[in-house]
Amino acid sequence: MKRVFNLTQGELPRRWYNVLADFDNPLPPPLDPRTKEPLDPDALKALFAEECVAQEVSTDRFIDIPEEVLEVYRLWRPTPLFRAVNLERALETPARIYYKYEGTSPTGSHKPNTAVAQAYYHRVEGTRCLTTETGAGQWGSALSFACHVFGLNCTVYMVRVSYEQKPYRRVMMQIYGAEVIPSPSERTEAGRTILVADPDSTGSLGIAISEAIETALREPATKYSLGSVLNHVLLHQTVVGEEALLQLDMAGDYPDVVVGCVGGGSNFAGLMLPFLRDSRARGRAVEFVAVEPVACPTITRGEVRYDYGDTAEMTPLLKMHTLGHGFVPPPIHAGGLRYHGVAPIVTRLVEEGVVKAVSLDQVNVFEGAVLFAQAEGIVPAPESAHAVRTAIDIARECRETGQEKVILIGLSGHGHFDMSAYADYLAGKLVSISST
Ligand SMILES: *Cc1c(COP(=O)(O)O)cnc(C)c1O
């Protein structure tokens, strides 16, 4: 049985898909953090690349991927689509399970798809340095890599507790030449204020965002970069779904269900949006399932309203599902899914009933991840394992009902830097986070 569906480099999609072209009503505009009035998109240019700001509000259905970006994508793209034959056998399910694997990228996740595009546009526009924040380090390593490729400097504010306890991603960023600063730091007003109040602060993503933004606004030719949530980030990730469409066609199948994990929503949207366009054109029904941790149940338990992207209230407000910008999730191992908000595009699709959201406890997630690793050989990132576990549950239902569903999993990354999380799971030390 054929298990891998590879595209040639010549078949790499040359356009990203922009779902904004297909919304009946435009998304609510971002609001200025001070005045709470709709923000002039030009104001975003103080932080982001002009081309990315244009993409943020564009209604062109397709946007060409620049040749220079395609050239870098070819280091690892197209990524493989696998049929999970061994997993199907282990589950004794009549379902056919596929997974689109982004763990073959240089830094092991989908994140370089947007990091490379953003760094390219900045290079063209004369930016010399990009700043960002990182928690566990997935986004920081992707941006560090992309900056190095295009000759930009990169400054990453890394939450201090991760900087000290998870050194390997930090080292990876340093290999790519980035400057990695434990946050809170003495470099910024925001960091100094925190340190005066609490010299031993272990930091938070919110503080790190404030430090990165402050630095970008203060230093010349320095801009800020975000790895999820915004429309242009989701746009760049659609290369994943465009490839998967072609690959499932090679396999002679079409998905009944597309499952992805959701932190800010970029890998999930990147995979499902091209299938949304295509299934509508063909008049086919596809279920789109977004999976989040029970410990950070943004879509399943949050409310839809305008909220800040960060704790310090420096970012524009976006209308999205949110748990409140002061929400501090418990320290679960899927670090990339610990965000209080979600992409406004995903919120819109949930409101339209196109996307359904479910939440999972981390103990169940790791149980699914180990089953998957034993069957398919790949150790999933704890984030991706949320999608894996949900697919397993659906496939088990198919065993009961006899339905031959075709399930497509977004496997957003590998878990090679997450062995301490797996060690805790294997030792029975992972704590279950109840949903109440
Ligand atoms: C960052 C990350 C996520 C979550 O981010 P999204 O924007 O929701 O995709 C998921 N999986 C992996 C492997 C990540 O690194």
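Any read-out appearing in this document is the output of simple, stated calculations on the displayed coordinates, not a laboratory observation. Please read these numbers as outputs of a predicted model, since none were measured by experiment. FYI the Cβ positions are ideal-geometry reconstructions off the backbone, even for glycines, and counts take in every protein chain you see.
In table form, for the structure just shown:
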read-out	value
Under the Debye formula (equal points on every Cα, no solvent term), log10 I(q)/I(0) of region 120-275 at q = 0.13, 0.15, 0.19 Å⁻¹	-0.67, -0.83, -1.13
Filter on LYS319/LYS356; LYS45/LYS100; LYS36/LYS356; LYS166/LYS356 - keep pairs with C-alpha separation over 26 Å	LYS45/LYS100; LYS36/LYS356; LYS166/LYS356
FRET efficiency for THR401 and ILE175, using Cβ-Cβ distance with R0 set to 60 Å, rounded to 0.05	0.75
P(r) histogram, all alpha-carbon pairs of region 102-148 included - 10 Å bins from 0, percent	30, 54, 16, 0
Orphan Cys of the chain, criterion: no other Cys C-beta under 4.7 Å	CYS52, CYS129, CYS261, CYS296, CYS398
Rg ratio (alpha-carbon, reference 2.2 N^0.38 Å) - region 22-98	1.83
ARG61 versus THR35: modelled label distance in nm, points set 7 Å from Cα along the beta carbon direction	3.6
Förster radius 30 Å - calculated FRET efficiency between VAL4 and ALA281 (Cβ-Cβ, nearest 0.05)	0.65
For SER183, residues with placed amide H under 5 Å, excluding near neighbours	MET158, VAL159, ARG160
Pairwise label distance in nanometres, LEU195 with LEU217, each label 7 Å out on the Cα-Cβ vector	2.0
Region 119-184: trypsin sites (Lys or Arg not before Pro) in DSSP loop, at most 15 other beta carbons within 10 Å	ARG128
Highest-fluctuation residue, ALA357, ALA395, ALA90 considered, GNM on the chain with Cα pairs under 10 Å	ALA90
FRET efficiency estimate (nearest 0.05) - Cβ-Cβ, ALA90 to ALA21, R0 41 angstrom	0.50
For the chain, built as a Gaussian network whose Cα springs stay under 10 Å, the top-fluctuating residue of ILE207, ILE175, ILE345	ILE175
From the C-alpha gyration tensor of the chain, square roots of 5λ in Å	32, 25, 21
